[in-house]
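Worksheet: the structure to be examined is printed underneath.
The values are calculated or read from the model by the stated rules, or taken from the named source; none is laboratory data. Nothing here was measured: the structure is a model prediction, and the numbers come from that model. No Cβ is skipped: glycine too gets one built from the backbone with ideal geometry, and neighbour counts run over all protein chains shown. Side chains are part of the model used for accessible areas, which takes the heavy atoms of the whole protein and leaves out ligands, DNA and RNA. Shrake-Rupley method; radii C 1.70, N 1.55, O 1.52, S 1.80 Å.
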Amino acid sequence: MKKIFVLLLLLMSTVVFSETLEKMDYRSGVFTGTLRENKQVSIEAVKGRTSTGAVLILTLPDVRRSAADPRILNDPYLDSVSIMDQGNGLKIYFFLKDGTDYTVLNSKKEFQVKFNNPNAVSSDSKSKTGDRITGSREKEPVRTPDTTDRRPSSNRKGTYTIVVDPGHGGHDSGAVGNGYREKDLALQIGIKLGKELGKDYNVIMTRTTDVFKTLQERPEIGNVRSADLFVSVHLNSGGNSSASGTEVYYYAKKDADNYSRDVAKFNNTVDSGVAMSDYALKDINYRMNQTRSSALAQDVLDGLLNNFSVRDRGVKNANFAVLRGSNSPSILIELGFVTNYSDVSQFVNDYDQERAAKAIADAIRRHFMK
Ligand SMILES: [Zn+2]
């Protein structure tokens, strides 16, 4: 009986202390989280670094969410925001642009993170004067300046390095059909893509001739040069000639259990102190790359669908070795099916191959403008 009473108390305290994050909003460098039950929640802010930049992690214990992730597009302060459920609470990851620092304001009903960046082109004066915070007399500002970021802030040639990886080669023909071999088309289009991207970026080709490279060698070519993006070019094959369409993959860890365990381990690492382990950095880097890779994958797919008469097979995630090995965001493009005549015939002459290269390169340019 006593045990039941204690259990009831525990349950009640859980109910009493839990809050719901009802709304998330981001505009002009100000992130606002709105809470349903008008209580002030405790917020812990920790800043860490990944290989590509800084990240601010807010921990909100005993807070559930009912709001969708805010979308970050072409923002001068943030690359992305990612929200993760952890136990009874939430963790919010703000991936910061070069030079961004922040102030956390916590009050009843609302909390805000105001971002500031001396490098930002758009003015943030509005966010300094235009916003009101409910119950602002209770606000507890936490300020952490950051001066250590040294990421490139423009896309001048020489700033970003992109790896172009024409699939297969040598003894590995890849898909074969309709008189074409995947390795030849992938190389022809890959070389054109490399030339197109070379107008704006440093480009590394994993191969420029008909040679075989292993799936481990290919991403390593980019890793040793600290590449910013890895793009693998392929064409598909199907069991029968009716299979058709274009799809773009980005890398995702496959095993859900392992992944949850990894995330838990990562969170423990963050909680235990400011010094983040290599493990945590690797994991957070993966998280950021995945966000970027999936956005780019969609953009590349849209570009190809706009320029070719191909079926939309969508953006997919997969645990491909060639993507897994890359330290940078990475995508794998399946332009169309070699085994489908309508598909493959759109990618065989120089003119069409140039158009494909241009469509992919334009999507990548948009990606690096963000
Ligand atoms: Zn292939």
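Among the residues of segment 192-207, those that are part of a helix (DSSP H, G or I) and within 23 Å of the chain's Cα centre (by Cα) comprise Leu193, Gly194, Leu197. The residues in segment 186-205 that are within 13 Å of the ligand (Cβ to nearest atom) and not small (Gly, Ala, Ser) can be counted, and the count is 2. All but one of (1) surrounded by 17 or more Cβ atoms within 10 Å (Cβ to Cβ); (2) at pLDDT below 95 hold for Lys157, so report the exception by its number. Answer for Lys157: the failing condition is (1). The residues listed here are Leu335, Leu305, Leu323; of these, the one that is within 16 Å of the ligand (Cβ to nearest atom) and either over 20 Å from the mean Cα position of the chain (by Cα) or not assigned by TED's automatic domain parsing to the domain that holds Gly239 (or both) is Leu335. With respect to the conditions (1) at pLDDT below 95; (2) in contact with a Lys or Arg (Cβ under 8 Å, 6 or more places away or on another chain); (3) open to solvent by 40 Å² or more (accessible area, probe 1.4 Å); (4) not aromatic (Phe, Trp, Tyr), Asp210 lacks only one, and its number is (1).
Residues of segment 157-180 that are closer than 24 Å to Asn327 by Cβ and either free of Cβ contacts under 8 Å to residues at least 24 places away in the same chain or away from the ligand (no atom under 11 Å from the Cβ) (or both): Lys157, Gly158, Thr159, Tyr160, Thr161, Ile162, Val163, Val164. Checking the stated criteria, Leu193 turns out to be touching a helix residue (DSSP H, G or I) at 6+ places or on another chain (Cβ under 6 Å), in the same structural domain as Leu335 (by TED's automatic domain parsing) and at pLDDT 90 or above.
Scanning segment 62-118 for residues that are out of contact with any strand residue (DSSP E or B) (no Cβ under 7 Å at 6 or more places or on another chain), in contact (Cβ under 8 Å) with a residue 24 or more places away in the chain and part of a strand (DSSP E or B) yields a count of 2. Of the set (1) modelled with pLDDT of 85 or more; (2) open to solvent by less than 50 Å² (accessible area, probe 1.4 Å); (3) part of a loop (DSSP other than H, G, I, E, B); (4) away from the ligand (no atom under 16 Å from the Cβ), all apply to Gly238 but (4).
Got at least one residue in segment 328-342 being in contact with a Pro (Cβ under 8 Å, 6 or more places away or on another chain) and crowded, with 23+ Cβ neighbours inside 10 Å? The answer is yes, given that some residue of segment 328-342 is in contact with a Pro (Cβ under 8 Å, 6 or more places away or on another chain) and crowded, with 23+ Cβ neighbours inside 10 Å.
Screening the candidates Ala297, Ala318 for the property of being of a type outside the set (S, T, N, Q), out of contact with any helix residue (DSSP H, G or I) (no Cβ under 6 Å at 6 or more places or on another chain) and within 25 Å of Phe212 (Cα to Cα) yields one hit, Ala318.
The residues in segment 343-368 that are open to solvent by less than 10 Å² (accessible area, probe 1.4 Å), among the charged types (D, E, K, R) and under 16 Å from the mean Cα position of the chain (by Cα) can be counted, and the count is 0. Can we say Lys183 is within 16 Å of the ligand (Cβ to nearest atom), assigned by TED's automatic domain parsing to the domain that holds Arg355 and more than 20 Å from the chain's Cα centre (by Cα)? For Lys183, the condition - within 16 Å of the ligand (Cβ to nearest atom), assigned by TED's automatic domain parsing to the domain that holds Arg355 and more than 20 Å from the chain's Cα centre (by Cα) - is met. Considering segment 310-370, the qualifying helices (runs of 4 or more DSSP H), each wholly inside and each with 3 or more residues that are modelled with pLDDT of 95 or more and farther than 24 Å from Gly177 by Cα, run over 350-369.
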